[in-house]
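K.L.:
Got a structure here, written out as structure tokens. Questions coming.
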Amino acid sequence: MERQSNRLAVLLTPALILAIVIVSAYGYFAYSSLFAKGPMGSGFAGTITFENYTRVLASASNRSVLFTTLYASVVMSVLTIAIAVPMAMVIVRAKRQWVANLIMLAIAVTFLSGGVTRAYSWLILLGNKGLFNLALTELGMIERPLKLLYNWLGVGIAIVHYLLPFAVFTLVGAVRNLNPSVEEAARSLGASRSVTFWRVTMPMLLPGLMVTLTLIFSIALASFLFPMLLGGGKVRMIANQIYDRMFVDYDIPYAAATSVVFLVSAFVAIWLMTLLSKQVKRLNER
Amino acid sequence: MKKMQSSSLRLEQLNKTYDTFQAVTDVNLDIPGGSILTLLGPSGCGKTTILRMIAGFSNVTSGRILVDGTDISGIEPNFRDIGMVFQNYALFPHMTVAKNVAFGLQMRGVSRSEQATAVADALVMVKLSHLADRYPSQLSGGQQQRVALARALIIKPKLLLLDEPLGALDRHLREGLQMELRNLQRELGITTVLVTHDQEEALYLADHLAVMNKGRVEQLDNPLSLYDRPRTEFVARFLGVPNIFDAVVLDSGATGTTISLRGHAITLDRKLGLATGAACKVSVRPSHVELVAADDPRPGLAANVVIGRELGERTAYHLESGGLMIEANASRMRSVERFAEGSAVKLVFDPVHTVVLEA
């Protein structure tokens, strides 16, 4: 017994220290949200107040950024899943191994190239004189260049592209665990390809799908770089707002309050998602 | 469930090629309605590929698959009306037993009340009525396979395909299910194709047994003929004959053939298309090799006992004769002499069960 509890202590201590360090930094930041902005050079000062929270929640523009961030993240995550599922299926089930390898390689390259590189690549591709518009104009399909940058479209494309590797890599595992015989059984019982996909394949994938959705949703929520570089000041997500409050206004308590509100809403959103997935699962079983 | 239609199945010049690998070569099989065809062979012999082509999961490279005289090889699997049972059960994990069984009827647009009646009947048939609301993960392997069987049969399929259906079950359970499967198939009169690598299962369940090797049907026969008269060395070995020897034809007559095995002459009462002096291979099961004392008056092959072991109802001998290893079984139920290891004996081959194999 003595030895065992010793071992437990040895194993737990580093984890605990790490957890405390990580949480305490954020805790201190959250704590600062309860004070007023301090004089130049200091973070915060004064007595405890909830004024920062009223500022965050009362302002319509603040609420709009928060809801836009949540809503856009849901849309982008679902879109990513919609693209990632067929990709994962092809990777796992391709008859020719090189097809699977090629797609994996393409995804790995995107995954490993940094965010800034990718943002500038999208600038080149999506600009008014970018490859996309140039090709479409040359082909005579459009008269004037499409506006693909400095709006949600461009930011959305870049973020979905950024999320894709995370989704594909986690879904490949889920698809690999599917037993193809189960789908074949459905086919032999009279289900068409699409009925088999929706009634058998998707329900079996659902747990993996929900894990993936939650993962990429949390990554999407924290988007900062793409709205900043491709949004042209018009597309703002919550991380950009927090950044501005910290490094433009130097109002750390206000930034902290925004973060806390954001964190709570993100948790609620993820909790709702889990609830929804349980509901969907129950519907499926009926 | 009532008796079903008994569709006939005919495979014509069936071929399957993957890139450069020929999985199935010129397979021709003709099965009358209501019987069980068993495809027996080692893994990779093409038996599962044939089953998957019949089910429609794998395209036919060339040849035809005729069910009641109609070629189905171009039809999508969901329009084939074929029930399939897989080795790993392949139940829908997110549906209850009842929902699993109802699936095929649901796909056919059968009304809910009719579905419920049919599902209840099907579950009675496989003795699982009490588990209708369970999920597959809550069932044992044997129960899951019975659900799979009910699910496949409820659509009243033209053919029932069984892909190593009992392979994942333990021996005791397997034997019970074999009997159930056999009775059910007889009762329903459904034409069935079974794939297995287990020779006992094949012998027990087959009306027609096809032994496959490297994508070809090596021999098609009824199980007993196949067991007693393997045509080739591969079939003999796959059906568990350890004694396969080189022999020479001494005399090829009109009514009988005499062969020489290491100088020991055995006269078979069959006419074989072999010339006198030709080399051939013979196959004898251990039970058809009789051990007698060395001074016995009957002609036989002199040998020495290397090992003798009691295995329940038989004594299994390993013998040696001039470098040739021979296995023989003696029944322990009949009081035959027990020969000690190292003793000299004489081996008498049963001419009826000594089979000359095709080269």
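K.L.:
Count, please, the residues in region B:207-221 that happen to be more than 19 Å from B:ILE190 (Cβ to Cβ) and part of a loop (DSSP other than H, G, I, E, B). Please lay out each step first, then the result.
P.N.:
Our first condition is that a residue be more than 19 Å from B:ILE190 (Cβ to Cβ); within region B:207-221, this holds for B:211-221.
Cutting the leftovers down to part of a loop (DSSP other than H, G, I, E, B) gives us B:214-215.
Qualifying residue count for the region: 2.
K.L.:
Sticking with this structure for a sec: Out of A:PRO227, A:PRO203, which single residue is of a type outside the set (D, E, K, R), away from chain B (no Cβ under 14 Å) and out of contact with any Cys (no Cβ under 8 Å at 6 or more places or on another chain)?
P.N.:
On the way: A:PRO203 fails: away from chain B (no Cβ under 14 Å).
Every option except A:PRO227 fails the conditions.
K.L.:
Can you name every residue in region B:157-179 that is touching a residue at least 40 places away in the same chain (Cβ under 8 Å) and in contact with a helix residue (DSSP H, G or I) (Cβ under 9 Å, 6 or more places away or on another chain)?
P.N.:
As a first pass, look at region B:157-179 and keep what is touching a residue at least 40 places away in the same chain (Cβ under 8 Å): B:157-165, B:167-168.
Within region B:157-179, B:PRO157, B:LEU159, B:LEU160, B:LEU161, B:LEU162, B:ASP163, B:GLU164, B:PRO165, B:GLY167, B:ALA168 qualify.
K.L.:
Could you list all residues from region B:49-78 that are surrounded by 18 or more Cβ atoms within 10 Å (Cβ to Cβ) and outside any loop (DSSP other than H, G, I, E, B)?
P.N.:
Residues satisfying the conditions are B:THR49, B:ILE50, B:LEU51, B:ARG52, B:MET53, B:ILE54, B:ALA55, B:GLY63, B:ILE65, B:VAL67, B:PRO77, B:ASN78.
K.L.:
On the basis of being surrounded by fewer than 18 Cβ atoms within 10 Å (Cβ to Cβ), without any contact (Cβ under 8 Å) to a residue 40 or more places away in the chain and under 24 Å from A:ARG63 (Cβ atoms), does A:ALA135 make the cut?
P.N.:
Taking the combined requirement at face value, the residue does not satisfy it.
K.L.:
If you don't mind, there's one more thing I want to ask. When only residues in region B:123-176 that are within 13 Å of chain A (Cβ to nearest Cβ), part of a helix (DSSP H, G or I) and among the hydrophobic types (A, V, I, L, M, F, W, C) count, which is surrounded by the fewest Cβ atoms within 10 Å (Cβ to Cβ)?
P.N.:
Top of the filtered list is B:LEU153.
K.L.:
Which numbered condition in (1) under 23 Å from A:LEU79 (Cβ atoms); (2) of a type in the set (S, T, N, Q); (3) within 14 Å of another protein chain (Cβ to nearest Cβ) is the only one that A:SER188 fails?
P.N.:
(1)
K.L.:
A further question on this structure: Could you check A:ALA239 against (1) open to solvent by 50 Å² or more (accessible area, probe 1.4 Å); (2) under 30 Å from A:GLY127 (Cβ atoms); (3) in contact with a Leu (Cβ under 9 Å, 6 or more places away or on another chain) and say which number it fails?
P.N.:
For A:ALA239, the exception is condition (1).
K.L.:
On the basis of being crowded, with 17+ Cβ neighbours inside 10 Å, at pLDDT 95 or above and more than 8 Å from chain A (Cβ to nearest Cβ), does B:LEU91 make the cut? Before the answer, list the steps.
P.N.:
Working: crowded, with 17+ Cβ neighbours inside 10 Å: yes; at pLDDT 95 or above: yes; more than 8 Å from chain A (Cβ to nearest Cβ): no.
Taking the combined requirement at face value, the residue does not satisfy it.
K.L.:
Now a separate question. Would you confirm whether or not region B:218-230 contains a residue that is under 27 Å from B:GLU320 (Cβ atoms) and in contact (Cβ under 8 Å) with a residue 40 or more places away in the chain?
P.N.:
Yes; the residues of region B:218-230 include at least one that is under 27 Å from B:GLU320 (Cβ atoms) and in contact (Cβ under 8 Å) with a residue 40 or more places away in the chain.
K.L.:
Give the residues of region B:35-48 that are open to solvent by less than 40 Å² (accessible area, probe 1.4 Å) and over 16 Å from B:TYR18 (Cα atoms), sorted by residue number.
P.N.:
The first filter runs over region B:35-48 and keeps only residues open to solvent by less than 40 Å² (accessible area, probe 1.4 Å), leaving B:35-41, B:45-47.
Residues satisfying the conditions are B:SER35, B:ILE36, B:LEU37, B:THR38, B:LEU39, B:LEU40, B:GLY41.
K.L.:
Could I ask something else about it? Residues in region A:155-176: is at least one farther than 26 Å from A:SER121 by Cβ and of a type in the set (A, V, I, L, M, F, W, C)? Write out each step before concluding.
P.N.:
Taking region A:155-176 and keeping what is farther than 26 Å from A:SER121 by Cβ, we get A:173-176.
With of a type in the set (A, V, I, L, M, F, W, C) added as a condition, the list becomes A:174-175.
Yes: one or more hits.
K.L.:
Something else now. Does any residue in region B:117-138 that is within 19 Å of B:LEU188 (Cα to Cα) come within less than 6 Å, Cβ to Cβ, of a residue that is open to solvent by 50 Å² or more (accessible area, probe 1.4 Å) and among the polar types (S, T, N, Q) six or more places away or on a different chain, and which pairs are these?
P.N.:
That search, which allows pairs on different chains as well, returns B:LEU123/B:SER129.
K.L.:
How do the strands (runs of 3 or more DSSP E) wholly within region B:239-330 filter down when requiring 3 or more residues that are of a type outside the set (S, T, N, Q): which remain?
P.N.:
B:243-252, B:264-268, B:279-284, B:289-293, B:301-311, B:314-321
K.L.:
Only residues that are over 18 Å from B:ASP81 (Cβ atoms) and either more than 12 Å from every other protein chain (Cβ to nearest Cβ) or part of a loop (DSSP other than H, G, I, E, B) (or both): list them for region B:98-116, please. Spell out the reasoning first.
P.N.:
Restricting attention to region B:98-116, the residues satisfying the condition of being over 18 Å from B:ASP81 (Cβ atoms) are B:98-100, B:111-113, B:116.
Matches in region B:98-116: B:SER111, B:ARG112, B:SER113, B:ALA116.
K.L.:
Identify the residue in region A:206-224 that is surrounded by fewer than 22 Cβ atoms within 10 Å (Cβ to Cβ) and away from chain B (no Cβ under 14 Å) and, among all such residues, is nearest to B:ASN78 (Cα to Cα). Full working, then the answer.
P.N.:
Taking region A:206-224 first, the residues surrounded by fewer than 22 Cβ atoms within 10 Å (Cβ to Cβ) are A:206-211, A:214-215, A:218-219, A:222, A:224.
From what's left, away from chain B (no Cβ under 14 Å): A:211, A:214-215, A:218-219, A:222, A:224.
On the way: A:VAL211: 32, A:THR214: 35, A:LEU215: 36, A:SER218: 41, A:ILE219: 41, A:ALA222: 46, A:PHE224: 49 Å.
Once the filter is applied, the top-ranked residue is A:VAL211.
K.L.:
Among the listed residues B:ARG270, B:ARG298, B:ARG262, identify the single one that is within 30 Å of the chain's Cα centre (by Cα) and either open to solvent by 60 Å² or more (accessible area, probe 1.4 Å) or basic (Lys, Arg) (or both). Quick ask: steps written out before the conclusion?
P.N.:
Numbers: B:ARG298 fails: within 30 Å of the chain's Cα centre (by Cα); B:ARG262 fails: within 30 Å of the chain's Cα centre (by Cα).
Just a single option satisfies the conditions, and that option is B:ARG270.
K.L.:
All but one of (1) open to solvent by less than 70 Å² (accessible area, probe 1.4 Å); (2) within 14 Å of A:SER223 (Cα to Cα) hold for A:TYR71; which doesn't?
P.N.:
With (1) open to solvent by less than 70 Å² (accessible area, probe 1.4 Å); (2) within 14 Å of A:SER223 (Cα to Cα) applied to A:TYR71, the lone miss is (1).
K.L.:
Among the residues of region B:6-15, are any in contact with an Asp or Glu (Cβ under 7 Å, 6 or more places away or on another chain), assigned to a loop (DSSP other than H, G, I, E, B) and in contact (Cβ under 8 Å) with a residue 60 or more places away in the chain?
P.N.:
Yes.
K.L.:
Among the candidates A:VAL172, A:VAL195, A:VAL182, which residue alone is among the β-branched types (Val, Ile, Thr), touching a residue at least 24 places away in the same chain (Cβ under 8 Å) and either more than 9 Å from chain B (Cβ to nearest Cβ) or at negative phi (or both)? Write out each step before concluding.
P.N.:
Details: A:VAL195 fails: touching a residue at least 24 places away in the same chain (Cβ under 8 Å); A:VAL182 fails: touching a residue at least 24 places away in the same chain (Cβ under 8 Å).
Every option except A:VAL172 fails the conditions.
K.L.:
Looking at region B:301-327, which of its residues are in contact with a Ser or Thr (Cβ under 8 Å, 6 or more places away or on another chain), surrounded by fewer than 18 Cβ atoms within 10 Å (Cβ to Cβ) and touching a residue at least 12 places away in the same chain (Cβ under 8 Å)?
P.N.:
B:ALA302, B:ASN304, B:GLU313, B:ARG314
K.L.:
Suppose the filter is assigned to a helix (DSSP H, G or I), more than 10 Å from chain A (Cβ to nearest Cβ) and either modelled with pLDDT under 95 or in contact with an Asp or Glu (Cβ under 8 Å, 6 or more places away or on another chain) (or both); does B:VAL119 pass it? Talk me through it step by step, then tell me what you get.
P.N.:
Details: assigned to a helix (DSSP H, G or I): yes; more than 10 Å from chain A (Cβ to nearest Cβ): yes; either modelled with pLDDT under 95 or in contact with an Asp or Glu (Cβ under 8 Å, 6 or more places away or on another chain) (or both): no.
Criteria not met by B:VAL119.
K.L.:
Restricting to region B:60-79, and then to whatever is without any contact (Cβ under 8 Å) to a residue 40 or more places away in the chain and touching a helix residue (DSSP H, G or I) at 6+ places or on another chain (Cβ under 9 Å), can you tell me which residue is farthest from the other protein chains (Cβ to nearest Cβ)? First the steps, then the outcome.
P.N.:
We begin by selecting, within region B:60-79, every residue without any contact (Cβ under 8 Å) to a residue 40 or more places away in the chain; these are B:70-79.
With touching a helix residue (DSSP H, G or I) at 6+ places or on another chain (Cβ under 9 Å) added as a condition, the list becomes B:72-73, B:76-78.
Working: B:ILE72: 12, B:SER73: 15, B:GLU76: 8, B:PRO77: 4, B:ASN78: 5 Å.
Looking at residues that are without any contact (Cβ under 8 Å) to a residue 40 or more places away in the chain and touching a helix residue (DSSP H, G or I) at 6+ places or on another chain (Cβ under 9 Å), I get B:SER73.
K.L.:
Within region A:243-259, can you find the residues that are touching a residue at least 12 places away in the same chain (Cβ under 8 Å) and surrounded by fewer than 19 Cβ atoms within 10 Å (Cβ to Cβ)?
P.N.:
In the first step, residues of region A:243-259 are kept if they are touching a residue at least 12 places away in the same chain (Cβ under 8 Å); the result is A:243, A:245, A:250-259.
Within region A:243-259, A:TYR243, A:TYR250 qualify.
The values are calculated or read from the model by the stated rules, or taken from the named source; none is laboratory data. Not measured: the values here are computed from a predicted model. Counting neighbours? That spans all protein chains shown, and the Cβs are built from the backbone with ideal geometry, glycine included. Accessible surface areas use protein heavy atoms only, side chains included; no ligands, DNA or RNA. Shrake-Rupley method; radii C 1.70, N 1.55, O 1.52, S 1.80 Å.
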